[in-house]
Protein chains: 2
Amino acid sequence: EEVAKLLALKAQIKTEDATPQKFSLKTAKGTRDYNPQQMTLRNGVLEKIIAVFKRHGAECIDTPVFELKDVLTGKYGEDSKLIYDLKDQGGEILSLRYDLTVPLARYLAMNKINTLKRYHIAKVYRRDNPAMTRGRYREFYQCDFDIAGQYDPMVPDAECLKVVTEIMDSLEIGQYVLKINHRRLLDGMFEACGVPDDKFRPTCSTVDKLDKSPWEEVRTEMINEKGITPEAADRIGEYVRLNGGVELVDQLLKDEKLSKTKAAVEGLQGIKLLLEYCELFGIKNKILFDLSLARGLDYYTGVIYEAVLTQPIKIGNEEQTVGSIAGGGRYDNLVGMFDSKNKQVPCVGVSIGVERVFSVLEAKLAAGDISVRTNEIDVYVASAQKNFLEERMKICTDLWNAGIKTEQSYKKNPKMLTQLQHCEENGIPLAVVLGESELKRGVVKVRNIKTRQEDEVPRENLVQDLLARIAELNVKENGTA
Amino acid sequence: EEVAKLLALKAQIKTEDATPQKFSLKTAKGTRDYNPQQMTLRNGVLEKIIAVFKRHGAECIDTPVFELKDVLTGKYGEDSKLIYDLKDQGGEILSLRYDLTVPLARYLAMNKINTLKRYHIAKVYRRDNPAMTRGRYREFYQCDFDIAGQYDPMVPDAECLKVVTEIMDSLEIGQYVLKINHRRLLDGMFEACGVPDDKFRPTCSTVDKLDKSPWEEVRTEMINEKGITPEAADRIGEYVRLNGGVELVDQLLKDEKLSKTKAAVEGLQGIKLLLEYCELFGIKNKILFDLSLARGLDYYTGVIYEAVLTQPIKIGNEEQTVGSIAGGGRYDNLVGMFDSKNKQVPCVGVSIGVERVFSVLEAKLAAGDISVRTNEIDVYVASAQKNFLEERMKICTDLWNAGIKTEQSYKKNPKMLTQLQHCEENGIPLAVVLGESELKRGVVKVRNIKTRQEDEVPRENLVQDLLARIAELNVKENGTA
């Protein structure tokens, strides 16, 4: 028996040692790696967005990927179930951040900051049902711009809209409309339609589904799930089909029911002022006042908005409807939730839906509509014969030290064809080609990969010659030096 | 009694409702927010590092912040206890990434990639004892450059060293030495000194402490904790005090004990070849072959290296010893651990200790040795009198649309002094000042904040005038257009 035990033990040890470990070779559900092509697209998009943020004077902050769970509790309504929790870390209960807005509010309250114009680009985590083909992941980037501070009505709000238009224009992703509405108007409208106070927020969530569902479905949900009377629902239905410009605001200010509701009048006056500022910012033609816009999140207190593409995007031979690309609004009561004296810091901001943009660009890349270079190498140092590694290394050193983006093969004796193929595959424009006879004469060949033209250049002039060629290529490509 | 109960219940409910929620207003242990100043320093450092990575043709990738726990298991030896685990997510057991190397290996194996030169900058997580004043956090940035692929010996390894020197030079953080050693040489040395095979790795971990502890302590640990004989320890002690250049390699190749040990000879030959390549790359004067360098991680198989500052850094009136800024080495067997057929992809790489660099710069900032601008605004649009918000908005629009980084007050009637103070505090170089009398004449004032000189500029020429002034300021600051 003793022996059997030992044998069994031995067999067990052997199994553990000998078989290769069986790993689940995958990433966690709803997450993905970004390969170099995807990162190039991503970084290109973020660069454009950051340029707009900086043009408006935004500063950059970052917060930890996890927060104390308490910080997130009670901020997201029903969606709290989607929060990722960590295991107890020696008495600390932590959760992965769900968005960048609550961490901002915690940051402002914790550091007693009253004014801040900041952007924050980072990953957030939601244990949602992933729909990865449509760019919906459990780990995804958010890209937020917010203005915190006690200011005059609608001035920072209007700048947020201006920022959104500049980003949409810069991304060149298609025609869009910037829908705006106001939480006070929605509240006033619900009140005027006979919805009880405590059902404003649930009703608002239901109205939010109008961008995806027809009115009939929304109406049914209101009546059956939210307990709204059919009469109230029908009254809401009449309002939420309205959209327009300042003339609609004026019309609603005279509306029999709304004009008697304080909240509605406040909301309408806010929208009117915002539209005036939008005209001054030259973006009025992009704005649509739309009473069906509700936004899901609980914490909004004032203006809300959403940038929506008005046409499907062409990807290869197919068309894809993308919808909302950016959204945000005013949230004046969130920071106070973190302050022991409930001191408020009013905030307004916008979140750019960069994952949707990435997803469109990735689809275009896959369809061959666009191409990307994943490296920025200008010069490849190649050798036509064997035993030139040392000479290649010396030349690479000279080029690197002159700041030239340079690469070579890591093999001692790479094949000429392989080296040139590498240049073509990677879009490298120039190659220095070393050959025995040229080196004896103190020259090297410089080859233009596209035109295949080769020129002999004296070794001692090589750096200068390449710098001039690179500058010329950049002019051709960008139209500027 | 019933009444008392109800009253107690009522009191309880009241407490819950009325008192503001008591939040722990802090970040999780060992983590921190980055404020705009810190982010500006951070982004400046990363920009310089990324420029070097791109100069060498590295592509960028990203991976999820968490991995399946299995992926991380068995890769970090004793340090595995520092891994952050998430709660079970519906059957998935996830952990936060501990470094960027294991996710890279998983990425290569999963996607069957044989060659890749990539950089990856992201946060990693270690539940270590934080020493935040010395820049050691539980959440911190890693900044890695790695070359994967089957190439000729020491060619990519030497480029990693070249990359490190370019980064160290670019960061201008102080004089440094790049220590190198070889795991095969260490193995051979242990063998030659009489250390049993199964004690190579633990002995190696102990040698790794030589940068912080004197030899006597290390010797004691070897004997008492790792079970090495005093004789073997003393033999090791003689070797690990050696450092030098190629002459030391030649000396050791003739060493009676080492020359008979296959691993040691392999390691020494590798070091010799690496030193030759370093000479070709023009960095030989930065390199020190040092037998005491061991590196903690288990997975290294070949050359290992570490960039160490040779002098303390002056911060205010004090001096701070910083030590190691970058480290890395060759790990040829890690990718195979993820492949069911154990197919290997040899890798070599380096990790830049950016947190140490951030920490030095933050200390310099706090001591007033350096200053940073947290925004890039060039022009502030101010008004000298009341009721100019609309005019300011129009001018801001023109400037934003011309790509000029512009800001204004979000108040309707800000005070002149407050506006100018904002410019001075934020380093904004130019202000457009609106006044009643000027506007009537179709001009505005442009003020240089530093010199306080004001010029009248026709309203219709404003954009052109400002563009010219900004270009001039940039020339003055950078010496280039």
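The values are calculated or read from the model by the stated rules, or taken from the named source; none is laboratory data. Here the structure is a predicted model, which is why all the values come from computation and not from measurement. Glycine also receives a Cβ, built like all others from the backbone with ideal geometry; neighbour counts cover every protein chain displayed.
Scanning the range B:336-366 for residues that are at pLDDT below 90 and either of a type in the set (Ser, Thr, Tyr) or on the phi > 0 side of the Ramachandran plot (or both) returns B:Ser340, B:Asn342. Among the conditions (1) in contact (Cβ under 8 Å) with a residue 60 or more places away in the chain; (2) at the interface with chain B (Cβ under 9 Å from one of its Cβ atoms); (3) out of contact with any Lys or Arg (no Cβ under 7 Å at 6 or more places or on another chain), A:Thr31 misses just one, which is (3). How many residues are crowded, with 20+ Cβ neighbours inside 10 Å and more than 14 Å from chain B (Cβ to nearest Cβ) when one looks only at the range A:392-432? Total meeting the criteria: 1. Selection of strands (runs of 3 or more DSSP E) fully inside the range B:260-335 by the criterion of at least 1 residues being at positive phi returns B:324-331. Contact map, the range A:404-427: first residue within 20 Å of B:Cys347 (Cα to Cα), second residue in a helix (DSSP H, G or I) and among the aliphatic types (A, V, I, L, M), Cβ cut-off under 6 Å, separation 6 or more or different chains; pairs are A:Tyr410/B:Val155; A:Lys412/A:Leu389.
Scanning the range A:439-481 for residues that are touching a helix residue (DSSP H, G or I) at 6+ places or on another chain (Cβ under 6 Å) and in a helix (DSSP H, G or I) returns a single hit, A:Val463. Got a sec? Which of A:Ile93, A:Ile121, A:Ile113 is at negative phi and modelled with pLDDT under 95? Testing whether each residue is at negative phi and modelled with pLDDT under 95 leaves just A:Ile93.
All conditions in (1) touching a strand residue (DSSP E or B) at 6+ places or on another chain (Cβ under 8 Å); (2) over 21 Å from B:Gly149 (Cβ atoms) hold for A:Met393, with the sole exception of (2).
In the range A:68-85, the residue that is farthest from the chain's Cα centre (by Cα) out of those that are at the interface with another protein chain (Cβ under 7 Å from one of its Cβ atoms) and under 22 Å from A:Ile113 (Cα atoms) is A:Asp70. Selection of the range B:309-350 for residues being closer than 20 Å to B:Leu210 by Cβ and not hydrophobic (A, V, I, L, M, F, W, C) yields B:Thr310, B:Gln311, B:Pro312, B:Thr321, B:Gly323, B:Ser324, B:Gly327, B:Gly328, B:Gly329. In this structure, B:Val348 does satisfy being in contact (Cβ under 8 Å) with a residue 24 or more places away in the chain, more than 30 Å from B:Asp33 (Cα to Cα) and not polar (S, T, N, Q). The number of residues in the range B:119-144 that are within 21 Å of B:Gly328 (Cβ to Cβ) and in contact with a helix residue (DSSP H, G or I) (Cβ under 8 Å, 6 or more places away or on another chain) comes to 13.
Here's the yes/no breakdown for (1) assigned to a loop (DSSP other than H, G, I, E, B); (2) on the phi < 0 side of the Ramachandran plot; (3) under 29 Å from the mean Cα position of the chain (by Cα):
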{"residue": "A:Arg201", "(1), (2), (3)": "no, yes, yes"}
{"residue": "A:Ser205", "(1), (2), (3)": "no, yes, yes"}
{"residue": "A:Ser213", "(1), (2), (3)": "yes, yes, yes"}
{"residue": "A:Glu217", "(1), (2), (3)": "no, yes, no"}
{"residue": "A:Ile228", "(1), (2), (3)": "yes, yes, no"}
{"residue": "A:Ala233", "(1), (2), (3)": "no, yes, no"}
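Scanning the range A:323-345 for residues that are over 23 Å from the mean Cα position of the chain (by Cα) and either closer than 13 Å to A:Ile304 by Cα or not hydrophobic (A, V, I, L, M, F, W, C) (or both) turns up A:Asp332, A:Asn333, A:Gly336, A:Asp339, A:Ser340, A:Lys341, A:Asn342, A:Lys343, A:Gln344. Criterion applied to B:Asn181, B:Asn243, B:Asn224 was being buried (at least 18 other Cβ atoms within 10 Å of the Cβ) and of a type in the set (S, T, N, Q), and the one residue passing it is B:Asn181. Considering the range B:92-112, the residues that are surrounded by fewer than 21 Cβ atoms within 10 Å (Cβ to Cβ) and facing chain A (nearest Cβ under 9 Å) include one that is farthest from the chain's Cα centre (by Cα), namely B:Glu92. Against the numbered list (1) touching an Asp or Glu at 6+ places or on another chain (Cβ under 7 Å); (2) more than 9 Å from every other protein chain (Cβ to nearest Cβ); (3) not hydroxyl-bearing (Ser, Thr, Tyr), A:Asn375 comes up short only at (2).
Within the range A:271-295, residues that are surrounded by fewer than 18 Cβ atoms within 10 Å (Cβ to Cβ) reach partners that are at pLDDT 95 or above and of a type in the set (S, T, N, Q) with beta carbons closer than 9 Å, at six or more positions or on different chains, in the pairs A:Gly282/A:Thr165; A:Gly282/B:Thr397; A:Gly282/B:Asn401.
Once the range B:44-54 is narrowed to residues that are surrounded by fewer than 21 Cβ atoms within 10 Å (Cβ to Cβ) and farther than 18 Å from A:Cys60 by Cβ, the residue that is farthest from the other protein chains (Cβ to nearest Cβ) is B:Ala51.
Against the list (1) under 25 Å from the mean Cα position of the chain (by Cα); (2) within 14 Å of chain A (Cβ to nearest Cβ), the condition B:Glu306 fails is (2).
Scanning the range B:79-117 for residues that are hydroxyl-bearing (Ser, Thr, Tyr), over 16 Å from B:Met337 (Cβ atoms) and part of a helix (DSSP H, G or I) returns no hits. Scanning the range B:145-168 for residues that are within 11 Å of chain A (Cβ to nearest Cβ) and farther than 15 Å from B:Tyr119 by Cβ yields B:Gly149, B:Gln150, B:Tyr151, B:Asp152, B:Pro153, B:Met154, B:Val155, B:Asp157, B:Ala158, B:Thr165. Condition check for B:Gly244 on (1) touching an Asp or Glu at 6+ places or on another chain (Cβ under 9 Å); (2) more than 30 Å from A:Ala402 (Cα to Cα): one failure, at (2).
Here is a yes/no grid of residues against (1) within 14 Å of chain A (Cβ to nearest Cβ); (2) of a type in the set (Asp, Glu); (3) closer than 18 Å to B:Lys445 by Cβ:
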residue	(1), (2), (3)
B:Lys343	yes, no, no
B:Val354	yes, no, no
B:Leu361	no, no, no
B:Val379	yes, no, yes
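Summed over the range A:162-188, residues that are in contact (Cβ under 8 Å) with a residue 60 or more places away in the chain and either under 15 Å from A:Leu268 (Cα atoms) or of a type outside the set (A, V, I, L, M) (or both) total 17. Could you please find all residues in the range A:169-179 being on the phi < 0 side of the Ramachandran plot and away from every other protein chain (no Cβ under 11 Å)? A:Leu171, A:Ile173, A:Gln175, A:Tyr176, A:Val177, A:Leu178, A:Lys179, listed by residue number.
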